[in-house]
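Comments concern the structure below.
The values are calculated or read from the model by the stated rules, or taken from the named source; none is laboratory data. The shown structure was predicted, so the numbers you read here are calculated from the model rather than taken from an experiment. Positions of Cβ are backbone-derived with ideal geometry, glycine not excepted, and every protein chain shown enters the neighbour counts.
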Amino acid sequence: MGSVDFITLDKVVCCFPNYKEILKTSCQKARVGIGFSYPMDGVLAKAIQTIGAFYA
């Protein structure tokens, strides 16, 4: 597989057993950048979710 501009990893980093390898491969294949998300919990996450829901 060749390279691509962007790679998006949604909840892969926290839930994939071999996350280091998938991040390494993603960084090698992406010409511009990668984006990834992971679930947040705790007080700060709840505050951000509440603010986000207010503006949605």
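Just one residue in the set 36, 6, 54 is modelled with pLDDT under 90 and part of a strand (DSSP E or B); that residue is 36. Look through region 9-20, keep the residues that are at pLDDT below 80 and not in a helix (DSSP H, G or I), and return whichever of them is farthest from residue 40 (Cα to Cα). Once the filter is applied, the top-ranked residue is 16. The sole residue among 29, 11 that is touching a Pro at 6+ places or on another chain (Cβ under 8 Å) and touching a residue at least 24 places away in the same chain (Cβ under 8 Å) is 11.
Tell me, yes or no, whether region 33-49 has at least one residue that is out of contact with any Gly (no Cβ under 9 Å at 6 or more places or on another chain), loosely packed, with under 12 Cβ neighbours inside 10 Å and of a type in the set (Ser, Thr, Tyr). No: region 33-49 contains no residue that is out of contact with any Gly (no Cβ under 9 Å at 6 or more places or on another chain), loosely packed, with under 12 Cβ neighbours inside 10 Å and of a type in the set (Ser, Thr, Tyr).
Which is aromatic (Phe, Trp, Tyr) and touching a strand residue (DSSP E or B) at 6+ places or on another chain (Cβ under 7 Å), of 36, 16?
Going through 36, 16 in turn, the sole match is 36.
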